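Shown next, in structure tokens, is the structure this report addresses.
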Amino acid sequence: MKRLLAGLILVPLVIVSGHAQPRPRKIFISVDMEGITGVVQPAQLGPDGFEYQRAREWMTGEVNAAIDAIRESGAAEIVVCDSHGNGQSVLIDKLPDDVRLVRGFPRPLEMMQGIDDTFAAAVFIGYHGSEWTAGAVRSHTISSARLLGIKLNGMEVSEGIFNAALAGHFGVPVAFVSGDRLAVTQLQNVVPKAEGAIVKEPYGYHSAMSVTPARGQAMIRDGVKRAMTKLSSLQPYRVPAPIDLEVGFKLTIDAERAAFVPGLSRPDAHSVKGSFRDMVEITKLLQVLTSLEAP
Ligand SMILES: [Zn+2]
């Protein structure tokens with residue numbers, strides 16, 4: 001109902017001087033923090049860290065660099081999805097006043113909340129490698145505390161690949177990813193046409209050779225600009241359904257309890273698996289499985 005009213009109000013606004021203007025492209029930006037320039041440790045990743053407030057500025061700077069680049073290539077409607085930690089790291093008052101920002105958890109589509117089939121492309125900023133990527137900065141998949149990795153149809157996936165598949169469910173391609181070298185190359189292995197900005201050369205879980213925030217933002221601006229020139233050639237990344245999901249847990253008691261969920265079985269002490277209709281079902285399920293009370 002609300003939607004209908006909003007639509008009725010918006011219609012006259014897009015008709016200028018007697019003829020309908022094409023609606024601006026819609027671009028979805030999902031932003032995490034571990035892959036932001038300069039970020040290597042919990043010191044930057046949460047409210048208790050001595051450098052968290054600075055890292056929020058770097059993160060917001062990278063989002064704004066992406067927004068600038070998107071708009072340099074034409075008008076765009078932009079949704080930013082704040083997808084790290086408490087979902088409130090992006091400095092909302094430092095964004096252009098016509099973008100919208102998804103904040104807070106829980107939410108059904110997690111790092112992709114707000115996406116739908118009206119978007120032309122998705123852009124991933126500050127992404128990191130998966131749990132099983134050795135040597136990547138803060139490599140984990142969805143929950144570093146609880147999960148031992150996620151497989152979709154037998155392939156271990158990063159959050160970038162997972163979210164590309166979720167975007168693909170809505171027919172939306174991934175145009176760009178930034179993060180450390182392993183985060184970027186892991187996603188480009190399955191989405192080879194996505195542009196990337198490698199802002200850090202990882203040495204390990206808690207160290208990297210990083211460019212400066214200003215340089216990282218310039219690299220993101222250039223990469224997103226390149227990505228916007230080839231939107232029409234991008235294909236959504238679609239995982240064939242039904243999708244076989246396998247979830248590993250660090251604690252065996254979490255796998256034990258997860259196996260109580262109808263449709264999940266437990267092939268070994270640390271894992272559960274099942275077959276699901278689509279990525280939306282899987283995304284919702286994973287949030288429940290990662291929020292079990294600590295034993
Ligand atoms: Zn994160």
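The values are calculated or read from the model by the stated rules, or taken from the named source; none is laboratory data. Here the structure is a predicted model, which means the values were calculated and not measured. Here the Cβ positions follow ideal geometry from the backbone for every residue, glycine too, while neighbour counts run over all protein chains shown.
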Can you tell me which of 24, 106, 96 is more than 24 Å from residue 208 (Cβ to Cβ) and at pLDDT below 95?
24
Among the residues of region 67-88, which ones are within 16 Å of the ligand (Cβ to nearest atom) and either out of contact with any Phe, Trp or Tyr (no Cβ under 8 Å at 6 or more places or on another chain) or small (Gly, Ala, Ser) (or both)?
80, 82, 83, 84, 85, 87, 88
When residue 60 is evaluated against the numbered criteria (1) within 16 Å of the ligand (Cβ to nearest atom); (2) in contact with a Lys or Arg (Cβ under 9 Å, 6 or more places away or on another chain); (3) not in a helix (DSSP H, G or I), which criterion, by number, is the only one it fails?
(3)
Test: residue in region 220-243 that is under 29 Å from residue 295 (Cβ atoms) and modelled with pLDDT of 95 or more
yes
I'd like the full set of residues that are in contact with a helix residue (DSSP H, G or I) (Cβ under 7 Å, 6 or more places away or on another chain), of a type in the set (A, V, I, L, M) and crowded, with 18+ Cβ neighbours inside 10 Å, limited to region 52-94.
55, 65, 66, 69, 70, 76, 78, 80, 90
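Do we find that residue 31 is farther than 19 Å from residue 196 by Cβ, within 16 Å of the chain's Cα centre (by Cα) and either surrounded by 17 or more Cβ atoms within 10 Å (Cβ to Cβ) or within 14 Å of the ligand (Cβ to nearest atom) (or both) in this structure? Spell out the reasoning first.
Values: farther than 19 Å from residue 196 by Cβ: no; within 16 Å of the chain's Cα centre (by Cα): yes; either surrounded by 17 or more Cβ atoms within 10 Å (Cβ to Cβ) or within 14 Å of the ligand (Cβ to nearest atom) (or both): yes.
Judged against the criteria, residue 31 is not a match.
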Checked pairs for region 104-128, first in contact (Cβ under 8 Å) with a residue 24 or more places away in the chain, second surrounded by fewer than 22 Cβ atoms within 10 Å (Cβ to Cβ) and of a type in the set (Ser, Thr, Tyr), C-beta under 8 Å and 6 or more apart or across chains, list as 106/291
Tell me whether region 129-141 contains one or more residues that are basic (Lys, Arg), within 16 Å of the ligand (Cβ to nearest atom) and either within 18 Å of residue 34 (Cα to Cα) or surrounded by fewer than 19 Cβ atoms within 10 Å (Cβ to Cβ) (or both).
yes
Select from region 112-124 the residues that are under 23 Å from residue 46 (Cβ atoms) and touching a Phe, Trp or Tyr at 6+ places or on another chain (Cβ under 8 Å) and write down the one among them that is nearest to the ligand (Cβ to nearest atom).
124
